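Beneath this line is the structure, given in structure tokens, with notes to follow.
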Amino acid sequence: MSDIEYSFEKEPWEQELDLLRPGDHISAAALLTLLEQEDELTVEEALTRLEDTGITLDISHLPPVALTGSTALRLKQEASHTKAEAVLQGLDENDPLRLYLQELAQTPAAGDVQLLAQRYSEGEHHLAQQLVTLCLSQVVELAMEHTGHGVLLLDLIQEGSLGLWQSILCYEDGDFQTHCRWWIRQYMAKAVFLQARSGGIGQKLRQDMEDYRDADQRLLVELGRNPTPEEIAKMLHISPEECAVLEKMVENARMIDKAHQSQQTPEPQPEDEQAVEDTAYFQVRQRIAELLSGLEAEDSKLISLRYGLADGKAMSPVEVGALLNITPEQVVVREAEILARLRDN
């Protein structure tokens, strides 16, 4: 089978990623439309592929998630500041974010990060904890860059901490700081992407795409030629950069439609879909139970509490630490270690 024949058997999102190389960027908005009809496992597969190939997930053009209530107020407060210290103003004394940042500020952080990373890569794996401690302040700094996208700062810090741990695990050589910051940003961007996907951003993007198509068609009739991106942007009252993103999304949508039209597989009936969903859900729950059964009792409890596996109520590192009599920082580190072991399994 030739390479050309093989490429048409791939899903549109796979074809898009095939065009990218390590160091390239992909718009989260464009990827969101490519994956809109895919299931969660496929989305995770796509995000993992970005990490494996070193492709940066760019969230700069994602529209904000529409939220209401106390969460929206908290997100607005966090997004209005550029430094974590400023966010603390007005927070309750027992606020989990305040407690975490205060404890982090009291944690000694001295050492040569590059030297420690090099020694770790040479086999001195006991240095991982020291590396994490030295770099946690960078996680907070980068988390501030990602506020305003619908994810709470404490959750961004949590995801960034997991990215930090992953950066240590896969480090081999080169500038560790650059390597580390890429992984932290990538994990935070992934959290923003998943929040946008669950928050209905796909529907807003579809409307934006329809507006783009309408403007393109109207200007084509009025001008008697293909309009420029600047002319379309002016009609839609958006920036040229936002218009360029929409143009790319429309192209991706056309590719998806073409791929779907070529598929001859009959659609499953609603009863069949529900049966598949029930089976998949059971298999996932069964797999989770198998993985947790291989952990130490306290490790299993930590993961269950963090992700709400028992009662559906996920807890923050501060809350889990209080129950297990350990610090929030220890919760973050241990969670990353446990997840790393589970991934290996």
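The values are calculated or read from the model by the stated rules, or taken from the named source; none is laboratory data. No experiment lies behind these values; they were computed from the predicted model shown. Don't worry about glycine lacking a Cβ; one is built from the backbone with ideal geometry, like all the others, and counts go over all protein chains shown.
Show me the helices (runs of 4 or more DSSP H) entirely contained within segment 119-225 in which 2 or more residues are closer than 26 Å to S316 by Cα.
Working: elements: 128-145, 153-169, 176-198, 201-223.
In segment 119-225, 128-145, 153-169, 176-198 are the helices (runs of 4 or more DSSP H) which contain 2 or more residues that are closer than 26 Å to S316 by Cα.
Specify the residue that is surrounded by the most Cβ atoms within 10 Å (Cβ to Cβ); the eligible residues are those in segment 106-118 that are touching a residue at least 40 places away in the same chain (Cβ under 8 Å) and in a helix (DSSP H, G or I). Reasoning before the result, please.
So in segment 106-118, the residues touching a residue at least 40 places away in the same chain (Cβ under 8 Å) come out as 107, 113-114, 117-118.
Add one more test, that the residue is in a helix (DSSP H, G or I), and what stays is 113-114, 117-118.
Values: V113: 16, Q114: 12, A117: 26, Q118: 17.
Checked segment 106-118; the qualifying residue surrounded by the most Cβ atoms within 10 Å (Cβ to Cβ) is A117.
Those residues that are surrounded by 15 or more Cβ atoms within 10 Å (Cβ to Cβ) and without any contact (Cβ under 8 Å) to a residue 40 or more places away in the chain, I need them from segment 60-96; list them, please.
Answer for segment 60-96, where residues must be surrounded by 15 or more Cβ atoms within 10 Å (Cβ to Cβ) and without any contact (Cβ under 8 Å) to a residue 40 or more places away in the chain: Q77, L91, D95.
What residue, of E159, E103, is of a type in the set (D, E) and surrounded by fewer than 22 Cβ atoms within 10 Å (Cβ to Cβ)?
It is E103.
Name the one entry in K258, K313 that is in a helix (DSSP H, G or I) and modelled with pLDDT under 80.
Being in a helix (DSSP H, G or I) and modelled with pLDDT under 80 holds for just one of K258, K313, which is K258.
Report, ordered by the first and then the second residue, all pairs with beta carbons closer than 6 Å, sequence separation of six or more or different chains, a first member in segment 154-178 that is in contact (Cβ under 8 Å) with a residue 24 or more places away in the chain, and a second member that is buried (at least 17 other Cβ atoms within 10 Å of the Cβ) and not in a helix (DSSP H, G or I).
Note: pairs meeting the criteria are L156/H146.
Looking at E103, E78, can you tell me which residue is under 11 Å from L153 (Cβ atoms), of a type in the set (D, E) and outside any loop (DSSP other than H, G, I, E, B)?
When all the criteria are applied, what remains is E78.
Is it the case that segment 87-101 has a residue that's within 21 Å of W165 (Cα to Cα) and among the hydroxyl-bearing types (S, T, Y)?
Yes, the conditions are met somewhere in segment 87-101.
Restricting to segment 33-59, and then to whatever is modelled with pLDDT under 85 and of a type outside the set (D, E), can you tell me which residue is surrounded by the fewest Cβ atoms within 10 Å (Cβ to Cβ)?
Looking at the filtered set, the residue picked out is Q37.
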